[in-house]
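Contents: one structure, followed by commentary.
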């Protein structure tokens with residue numbers, strides 16, 4: 001079974017274009033990245049601006065967040081689903097772990113499950129950046 005980590009983008013970024021995996025600079029993103037690189041077969045970044053991003057893809061810095069309204073996030077989530085299908089072809093039986101805040105998984109998770117994927121959000125009930133960073137550090 002293929003295990004894929006989806007890692008949410010963060011606000012803190014470098015100030016010049018670079019590989020997406022290096023653009024985001026927060027401790028939380030670094031720990032999420034470390035988890036994804038260690039525990040998953042493959043990983044992608046969920047970008048508020050660009051959608052699904054390969055970690056090695058060159059992207060510029062940006063200042064964009066997902067809207068608070070769930071209905072407003074549906075087009076973004078639909079694009080993530082489209083990009084995953086285009087990249088992976090068949091999502092049946094693929095195991096996704098989403099390491100991101102609620103806005104990044106609330107609409108995406110049911111869309112992927114409807115395609116036969118297994119989706120988990122390990123830190124769904126862990127709040128606070130420091131607590132999440134500690135969770136990753138304790139388990140890696």
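Among residues that are in contact (Cβ under 8 Å) with a residue 40 or more places away in the chain, out of contact with any helix residue (DSSP H, G or I) (no Cβ under 7 Å at 6 or more places or on another chain) and surrounded by fewer than 18 Cβ atoms within 10 Å (Cβ to Cβ), residue 116 is not included. Restricting attention to the range 71-99, the residues that are under 12 Å from the mean Cα position of the chain (by Cα) and surrounded by fewer than 20 Cβ atoms within 10 Å (Cβ to Cβ) add up to 0. Only residues that are in contact (Cβ under 8 Å) with a residue 12 or more places away in the chain and out of contact with any helix residue (DSSP H, G or I) (no Cβ under 8 Å at 6 or more places or on another chain) were counted across the range 80-89, and they come to 4.
No value in this document is a laboratory result; all are computed from the given coordinates. Just so you know, these numbers come straight off a predicted model, no measurement behind them. Cβ: placed from backbone, ideal geometry, glycine included. Neighbour counts: every protein chain shown.
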